Structure formats: structure tokens, C-alpha cells
Amino acid sequence: MATEVLMPALSPTMTEGKIARWLKSEGDAVHSGDVLAEIETDKATMEVEAVDEGVLAKIVIPEGTDHVAVNTPIAVITGNGEDVGADAASIAPANGRQQPTTADTPRARAPQPVAPETPRASRRAAAEEAEYTGVTRTITVREALRDAIAEEMRRDERVFLIGEEVAEYQGAYKVSQGLLQEFGTRRVVDTPITEQGFAGLGVGAGFAGLRPIVEFMTFNFAMQAIDQIINSASKTHYMSGGQMSCPIVFRGPNGIAARVAAQHSQCYASWYAHCPGLKVVAPFTGADHKGLLKSAIRDPNPVVFLEHELVYGESFAVPEDPEFLVPIGKARIARPGEQVTITAFSRMVKLALQAAEELESAGISAEVIDLRTLRPFDAATIAASVQKTNRIVAVEEGWPFAGIGAEIAALMFEECFDWLDAPVKRVTGKDVPLPYAANLERLAVPQVEDIVAAAREVCYR
Amino acid sequence: MATTRKGRPVGVAELDASPKELLGFYRDMLLIRRFEERAGQMYGMGLIGGFCHLYIGQEAVVVGMQAALKEGDTVVTSYRDHGHMLACGMDPKGVMSELTGRRTGYSHGKGGSMHMFSREKNFFGGHGIVGAQVPIGTGLAFAHRYRDNGLISATYLGDGAINQGQVYESFNMAALWKLPVVYVIENNRYGMGTSIDRASARTDLFHRGMAYGIPGEQVDGMNVLAVHEAGLAAAEHARSGQGPLILEMLTYRYRGHSMSDPAKYRTRDEVDRMRTEHDPIEQARQRLLEGGTDEAMLKDIEAEVRRRVAEAAQFAQDSPEPAPDELWTDVLVDA
Ligand SMILES: Cc1ncc(C[n+]2csc(CCOP(=O)(O)OP(=O)(O)O)c2C)c(N)n1
Ligand SMILES: [Mg+2]
């Protein structure tokens, strides 16, 4: 009986791909395990193996065809009739997984210097950020990060990258593509799966004056190493009376991905933002990823740099100038507005912008603030915005309890009490470990409609 | 003895097993193989999401090992867990519908491929964090000793996991307190894209307990009879109060690390060689045929296995997703 070979989804985020090459021709016999074709995905070129035995009767999609949607029939195998069960052709295709497409946002800002009498370590104003007017190139966030690392490695011989699969594999999420080839094994170092060990080793190297970039395959695995990040990296400068500092960047994807369930889907923003002695960054745009990572690498302190797997593939116009930096500690007005302030960071900025758009058509003008840095926290920008809009919705992917939104609520009490026309509203991940099932996962993480509903609620409309 | 302390290969001919026993191993391995092939296919169709790590190639390890355990012994492993669950006797329908995220799955759709459990079958997961199952398996052994129930813990880990610090903390406690645990290292030569010699200062992993006085043996993990025999001896050692033991199973995974791994770090040749020369299922099949088993019988087994897998796949697609209010259940035990 004939079986259709369908375009396979080869990664959690793939929706379409390119048939790079057929390795079998029509009429060839195929056995299970034979490589039928090579397919280019968003991340890599993958081999597709036959699962059924038989003859490759027809190639439906010729090689070289790009943008072939997942689940499209690409070939037909006529079998030897041994399969008694439902075969591939009779299984109803599932809904394609959606991948966010990108929309760049204009860079606008409203600098608001602050001078609190008793400066909290977490709320210090950052250096002024100059408007960038130079050359830009449209690249993905993944490439922006790679460029930032490469430029800083060229600039400073002390900078090196260490982590699991960063060298030969070119990064588990392909962030370090090409770095091994340019910088060699001395500076791009593959490690065993020993997070506490290599994070601690990075701290030691930092104490000794090197500038390590420690990549965690995801921040979920940094929990193995969190003792080194907090107890060793963040506290030593203080405990040594300022003698010993640790210029180190801990970076990797944070937050949810796609259907990878509770142990691989968690936002650590408020965990790290809680700790003095650290800087914590969670950007959204390509320019901010590049400019903030470069600042982080140059920073004399430990910086936790939170990326997001679902943002890696987004494209933005990114400055080319190797001296383009974004200061740590400054929020960014991602979209100016008048009636309600929406704060967000990392992937949630995208949702907040979409929500603002919907609110616009409902006649509500929302100001979206991309927090970018969570420690030190840019309280001034948020306060100035709320003193204008009188309402605020704080969005984050993480859990509500003691989250970034809770901190913002405290800030509102302390600095905007007299300006508020509605209670602070938080939109957060639900207070449960992240479920695997597609429908429950969607319910557990903030969606655009949740942000829209929250904004309407604080606007009483 | 089916195993060698120096890693010398052991000829299949030296091993005995009743044809009935071997036939059972054959069936169990085939079930895992066909189940995993189908899971891979369903992943490709978008029916399974996230990470999905297939066990294809390693079937002999868990099948031989589980057959050496007795009722009540506990099992814990990593995210590459589908084979372990089937070998523990868990229902393919329940496993497959967890993979599709449906309410009929072992975790009611909330755990997915990497996080599945069965109290009834004494399967304690399914853990997504590399190495984390090792102290947990040691704790299961602690409970066995505490209760003095004559049971043991089979704790599986990879050649990549073996370098995690918590593994050695576990070894120390297990040896110190003579806990009834067998650590089964599934050395498939790669931890994701990193070959063992690029991750481990010493690659003879069965020696890793030496500093704690834990004996270790290297086993041909592609030979289900060798695994079974080593498993029996190891289980006996642990059960009799002599403390932990390490079995290093030399095995191989045919597929990429997970569904999204292009596996460019090894040659197609290497994979083909393992597949054609060492395939655990093919080896068992040949031995059965040589021992006079009727080919028609093997065909019947194959058909039966395919039918079960097809049924599981159908069930996993037809079952409903969890009810939305399931989102809020199971966070804490009601007290
Ligand atoms: C603490 C931790 N670090 C990293 C990962 C990502 N990761 C998942 S599996 C894996 C490789 C493990 O290799 P091995 O122990 O040999 O097991 P195998 O996959 O070969 O069965 C890595 C690095 C993880 N899940 N947990
Ligand atoms: Mg391995």
C-alpha cells in the first residue's frame, strides 16, 4: 500500500523548510533507516530517514523547493504491505505550530534621570543612551548575539566563551555559529555537562582577570550552578571589601520554549533580579540584544543575560558599528501612548506591542515600556510614564508571586501613589508548573488578549 | 560471566538463555523499536511537541536489565525514557498519549515525553535535568534499605550525565551506607553532540566508582543476553547487602539526540556500521533462528507488535486534550 512521506517538523519551532536534496530517486528501494532527503530548517540541515519499507514511487516536491510547509506530502512510498496499522497517510495532520514573525519597532526614548536620596542598588540611573544614526543590517536576534560576542572577542583578548555544545556543535540554539572557526578552541570551549563546575570555573577565571562568557544551554540548567552565580560571583566584591571583582556574563535562553514542559520552561528573571551584586538584563529587539550583550561583556560586574528561545529567530535592524552599546539600566519606550502604561521584557514586549495595537483600534492609547534591564531597575522611566497615564499593567512570563510585577506594584505605592487612577494590574504566567499539553500550555502563559483585557480593566472600559 | 572487567567483548555463543526467554526479549525490544519509530513519525507530523528523545538502538539495555529485576524494584532514568517505561510494563497507549499531550497519558498530558511516571509499575520518571535522577535513584535505594524490603533501585544515566557532580555525591553516600542500587550507565558514546572522549578525562566509565570502592563492569549493551546476565549478577550483589554496583553498558543511539538534532558530529558510516553489525534486535533474531525458532513465529510477533503500536498511536490521536481546569490541579497535594 502507498504511504505518503510528509514534510516533517524537525524542531519544536519549525513550520516550514527547504528540500535541499533528494538522496533517493524514484524507483529506488528504501529500507527503514535509509536517508531519503536532506531538509534545511530554520536552524540546521537535517536528514530525513525512511520509516517504512518499500519503493520510492514518486517524489512530489523536487529538491531545491523552499518554504515547504510541515505536513505537506513530499514523496510516496509503495510498501510491501506488512504494516497492519494506521499508516502515515491515514493520520490526520495536526495544526502547524506557529512561529512568531517579526515587526521591528521604532526606537524612541524619554530619558528621565533620577536621583533618589538613598539610592537602592537596584534603582540607579544608567548612562545616557545616544540615538544611533549609523548603518544597520537586518539580522536575527541569534545573529545579533553572535556578532556581539565576536566583536567583543576581537576587541578584548581576555574574552572567551565556555559552555555545553558552544564550539563544535556551533551552539545548541546556534548562537555561537562560526565562533570556533574564528577564535579556535582556546577561546571557544566545549565543556562536559557539569554546570556547577564550569560556572564556578568561570567565576575563578573572572577573579583572575579574564572575561568569561558562560553559556547555559538554557537557564533551567543554571539552577545546577546558581550557588556559584549568587554565592561566588555576586557577593565576592562586597565580601572582599571591593578587592576582588568578577567580570563575567552568564547567558542563555530563559523562559518558555515550545512544548518542552515544566523542567525546561521557567522564567528566572525575578530570581536573579532579587540579588544585589548582580546585573540582570532581558532584552527584546535585535539592537538591544547586541548593544546590551556588548555592555555586559565590558561590564566589570557579573551580569545575568536572559535570552529567549522564541525570540532567537526574530529579525530586526541591528547597528553595525562595533562601538554601538546600549547602557545597562535603562528602559526603553517601545511605543509612546497616553492612557495606560504597559511594562514588559523579553518576548512579552512583542505581545505587549500587539496588545497596544489592538487597544489603539479600541480607542485606548497605550504606552509600552520595554524594561530591558531588571537590575538595576529603571524606576524613573516607569514612574514618569505612569505620572502621565495614571494606569499600569505589568506583564511577565514568570509566576506572579514575588515577581517583577510585584516589584512594580511596590514601586507604584512608593513613587506614584497620588497619580494612580486604578489599581496596578499584573499579567503573569499562571501559578503552576508549566504543563505540556498544547491547550494547557497556552492557558498557562500570558496571551495578547490577557494584556488587552487587563488594560481595559484599568481603563474601566 | 557475561561481562568483563577489562571490556573484552563476550561472544554471544558463550551465553545461554532459554528460547522462550529470548523470544520474550525479542518481543520487548521490537515493541520499543516500533513504538519509537512511530513516535518519530508522529513528531514529524506535529502531533508530538517539544523535545522527544528516541531510544532506537539501545533497546537491549533496558530489556535485558529489567528482566533481571523483580517485582517491586524501582526504576528511574533521564528524559530518554520511552523504552524504560515500556520495559517496565507500562501501557503503550498511556505513554503515546502522554507524548501527544492528551488526558489519557500517564501524566494526564502535563508532563510530556521527558516527564512520565507510574507508581503502579514503580517507575519514578522521566527526568529532564541531566544527572538529577542519580541522587533520586540513590534515595529510592535508601528507602528500600530503610524498610529492609529486599528491593533494589535501578538507576539509569548517560555517558554525559556521569560527569555531573551530584553523581559522585550519590556514589559516596550509596557506598557509605551500602545502599541497594545498581547504577546503569548507558554509554551511547555521545552526550548530545559531544563524543565521550571530548567530555570525559577517562572514558572507561565502569571505573568511576573506584574512589568509593564501588565495583564496576563493562557490558556489551547491544547484546540482550549479556546485559541480562550482568544484570542478574548486579541485582544479586545489591540485594544481598553488598552495596552499589556500576554497570557500564556499551551501546549506541541510531537517531539524533532529540528530534531536532542533525547529528553532524558523527559519520553516517559509523551509524550504519552499528546498525548492520551490532543491532540488538537483529542479533536476537539471528540467534532465535539458529536455535530453531520458526520464522513464521517471528513474523507473528512482528505483526502483533505493529498492531499494538498502531493501536497506541490511534488512541493517542483520538484521546481528548486535558480539560482546561486541569491547569490548576495537582500543584499541591490536598491536605
Ligand atoms: C543539567 C542539564 N544540562 C544540560 C541539559 C541539556 N541536555 C539534555 S540531554 C544532554 C546530553 C546528555 O547526554 P547523556 O547523559 O550521554 O545521555 P543521552 O542523551 O546520550 O541518553 C544535554 C546536554 C539538561 N537537560 N540538563
Ligand atoms: Mg549519551
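Taking into account only those residues within region A:213-222 that are touching an Asp or Glu at 6+ places or on another chain (Cβ under 8 Å) and part of a helix (DSSP H, G or I), which is farthest from ligand 2 (Cβ to nearest atom)?
It comes out as A:Ala222.
Does A:Arg251 qualify as being under 16 Å from the mean Cα position of the chain (by Cα), more than 11 Å from ligand 1 (Cβ to nearest atom) and outside the structural domain of A:Met348 (by TED's automatic domain parsing)? Reasoning before the result, please.
On the way: under 16 Å from the mean Cα position of the chain (by Cα): yes; more than 11 Å from ligand 1 (Cβ to nearest atom): yes; outside the structural domain of A:Met348 (by TED's automatic domain parsing): yes.
Criteria met by A:Arg251.
Being in contact with a Leu (Cβ under 8 Å, 6 or more places away or on another chain) and open to solvent by less than 30 Å² (accessible area, probe 1.4 Å) is the filter here; which residues of region A:254-266 pass it?
To start, the set of residues in region A:254-266 that are in contact with a Leu (Cβ under 8 Å, 6 or more places away or on another chain) comprises A:254-258, A:261-262, A:265-266.
A:Asn254, A:Gly255, A:Ile256, A:Ala257, A:Ala258, A:Ala261, A:Ser265, A:Gln266, listed by residue number.
Residues that are closer than 17 Å to A:Leu161 by Cβ and surrounded by 24 or more Cβ atoms within 10 Å (Cβ to Cβ): does region A:282-290 have at least one? Can you show your working first?
Restricting attention to region A:282-290, the residues satisfying the condition of being closer than 17 Å to A:Leu161 by Cβ are A:289-290.
Cutting the leftovers down to surrounded by 24 or more Cβ atoms within 10 Å (Cβ to Cβ) gives us A:289-290.
Checked against the condition, which is being closer than 17 Å to A:Leu161 by Cβ and surrounded by 24 or more Cβ atoms within 10 Å (Cβ to Cβ), region A:282-290 yields at least one hit.
Taking the stated definitions as given, is A:Met244 over 20 Å from the mean Cα position of the chain (by Cα) and assigned to a loop (DSSP other than H, G, I, E, B)? Quick ask: steps written out before the conclusion?
Numbers: over 20 Å from the mean Cα position of the chain (by Cα): yes; assigned to a loop (DSSP other than H, G, I, E, B): yes.
Answer is yes for this residue.
All but one of (1) assigned to a helix (DSSP H, G or I); (2) open to solvent by 10 Å² or more (accessible area, probe 1.4 Å) hold for A:Asp321; state the number of the condition that does not hold.
Just one mismatch for A:Asp321, condition (1).
Of the residues B:Ala303, B:Ala263, B:Ala296, B:Ala312, only one is of a type in the set (Gly, Ala, Ser), part of a helix (DSSP H, G or I) and either touching a residue at least 40 places away in the same chain (Cβ under 8 Å) or in contact with a Lys or Arg (Cβ under 7 Å, 6 or more places away or on another chain) (or both); which?
Working: B:Ala303 fails: either touching a residue at least 40 places away in the same chain (Cβ under 8 Å) or in contact with a Lys or Arg (Cβ under 7 Å, 6 or more places away or on another chain) (or both); B:Ala263 fails: part of a helix (DSSP H, G or I); B:Ala296 fails: either touching a residue at least 40 places away in the same chain (Cβ under 8 Å) or in contact with a Lys or Arg (Cβ under 7 Å, 6 or more places away or on another chain) (or both).
Answer to the check: B:Ala312.
Out of A:Ser232, A:Ser265, which single residue is hydroxyl-bearing (Ser, Thr, Tyr) and free of Cβ contacts under 8 Å to residues at least 60 places away in the same chain? Show your work before the answer.
On the way: A:Ser265 fails: free of Cβ contacts under 8 Å to residues at least 60 places away in the same chain.
Of the residues listed, the single one that is hydroxyl-bearing (Ser, Thr, Tyr) and free of Cβ contacts under 8 Å to residues at least 60 places away in the same chain is A:Ser232.
Could you list all residues from region B:56-71 that are open to solvent by 30 Å² or more (accessible area, probe 1.4 Å) and acidic (Asp, Glu)?
B:Glu71
Here is a check on your reading of the model: is B:Gln66 away from ligand 2 (no atom under 16 Å from the Cβ) and more than 9 Å from chain A (Cβ to nearest Cβ)? I'd like the intermediate steps shown before the answer.
Working: away from ligand 2 (no atom under 16 Å from the Cβ): yes; more than 9 Å from chain A (Cβ to nearest Cβ): yes.
Spelling it out, B:Gln66 is indeed away from ligand 2 (no atom under 16 Å from the Cβ) and more than 9 Å from chain A (Cβ to nearest Cβ).
Table: residues versus (1) within 16 Å of ligand 2 (Cβ to nearest atom); (2) part of a loop (DSSP other than H, G, I, E, B).
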site	(1), (2)
B:Lys93	no, no
B:Gly101	no, yes
B:Ser107	no, yes
B:Met116	no, yes
B:Gly125	no, yes
B:Gly128	yes, yes
B:Ala143	no, no
B:Gly150	no, yes
B:Ile162	yes, no
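Please go through region A:195-220 and give me each residue that is under 23 Å from the mean Cα position of the chain (by Cα) and free of Cβ contacts under 8 Å to residues at least 40 places away in the same chain, ordered by number.
Once the filter is applied, which keeps residues that are under 23 Å from the mean Cα position of the chain (by Cα) and free of Cβ contacts under 8 Å to residues at least 40 places away in the same chain, region A:195-220 yields A:Glu195, A:Gln196, A:Phe198.
Anything in region B:35-52 that is facing another protein chain (nearest Cβ under 7 Å) and of a type in the set (A, V, I, L, M, F, W, C)? List them, or say none.
Scanning region B:35-52 gives B:Met45, B:Leu47, B:Phe51.
Got a number for residues in region B:132-157 being surrounded by fewer than 24 Cβ atoms within 10 Å (Cβ to Cβ) and within 16 Å of ligand 1 (Cβ to nearest atom)?
3
What do you reckon, is B:Met249 under 21 Å from A:Ala50 (Cα atoms) and either free of Cβ contacts under 8 Å to residues at least 12 places away in the same chain or within 16 Å of ligand 1 (Cβ to nearest atom) (or both)?
Numbers: under 21 Å from A:Ala50 (Cα atoms): no; either free of Cβ contacts under 8 Å to residues at least 12 places away in the same chain or within 16 Å of ligand 1 (Cβ to nearest atom) (or both): yes.
Here the answer is no, as B:Met249 does not meet what is asked.
Step by step: first the residues of region A:1-40, then only those that are charged (D, E, K, R) and under 19 Å from B:Arg268 (Cβ atoms), then the one that is surrounded by the fewest Cβ atoms within 10 Å (Cβ to Cβ). Which residue is that?
If we filter region A:1-40 for residues that are charged (D, E, K, R), which is where we start, we get A:4, A:16, A:18, A:21, A:24, A:26, A:28, A:34, A:38, A:40.
Those left that are additionally under 19 Å from B:Arg268 (Cβ atoms): A:21, A:24, A:28, A:34, A:38, A:40.
On the way: A:Arg21: 15, A:Lys24: 18, A:Asp28: 13, A:Asp34: 18, A:Glu38: 17, A:Glu40: 16.
If we take residues in region A:1-40 being charged (D, E, K, R) and under 19 Å from B:Arg268 (Cβ atoms), then A:Asp28 is surrounded by the fewest Cβ atoms within 10 Å (Cβ to Cβ).
For region B:48-63, state whether one or more residues are free of Cβ contacts under 8 Å to residues at least 60 places away in the same chain and more than 29 Å from B:Ala141 (Cβ to Cβ).
Going residue by residue through region B:48-63, those that are free of Cβ contacts under 8 Å to residues at least 60 places away in the same chain are none.
There is no residue in region B:48-63 that is free of Cβ contacts under 8 Å to residues at least 60 places away in the same chain and more than 29 Å from B:Ala141 (Cβ to Cβ).
Given the options B:Ala211, B:Ala226, B:Ala233, name the one that is part of a helix (DSSP H, G or I), open to solvent by less than 10 Å² (accessible area, probe 1.4 Å), more than 16 Å from ligand 1 (Cβ to nearest atom) and not β-branched (Val, Ile, Thr). It would help to see each step written out before you state the result.
Values: B:Ala211 fails: open to solvent by less than 10 Å² (accessible area, probe 1.4 Å); B:Ala233 fails: open to solvent by less than 10 Å² (accessible area, probe 1.4 Å).
Being part of a helix (DSSP H, G or I), open to solvent by less than 10 Å² (accessible area, probe 1.4 Å), more than 16 Å from ligand 1 (Cβ to nearest atom) and not β-branched (Val, Ile, Thr) holds for just one of B:Ala211, B:Ala226, B:Ala233, which is B:Ala226.
Please work out if A:Leu161 is open to solvent by less than 30 Å² (accessible area, probe 1.4 Å), in contact (Cβ under 8 Å) with a residue 40 or more places away in the chain and hydrophobic (A, V, I, L, M, F, W, C). Walk me through it before giving the result.
Numbers: open to solvent by less than 30 Å² (accessible area, probe 1.4 Å): yes; in contact (Cβ under 8 Å) with a residue 40 or more places away in the chain: yes; hydrophobic (A, V, I, L, M, F, W, C): yes.
Here the answer is yes, as A:Leu161 does meet what is asked.
The values are calculated or read from the model by the stated rules, or taken from the named source; none is laboratory data. In this text, all values refer to a predicted model and were calculated from it rather than measured experimentally. Cβ atoms come from the backbone with ideal geometry, glycine included; neighbour counts cover every protein chain shown. These accessible areas exclude ligands, DNA and RNA; they are computed on the full protein's heavy atoms, side chains included. Shrake-Rupley method; radii C 1.70, N 1.55, O 1.52, S 1.80 Å.
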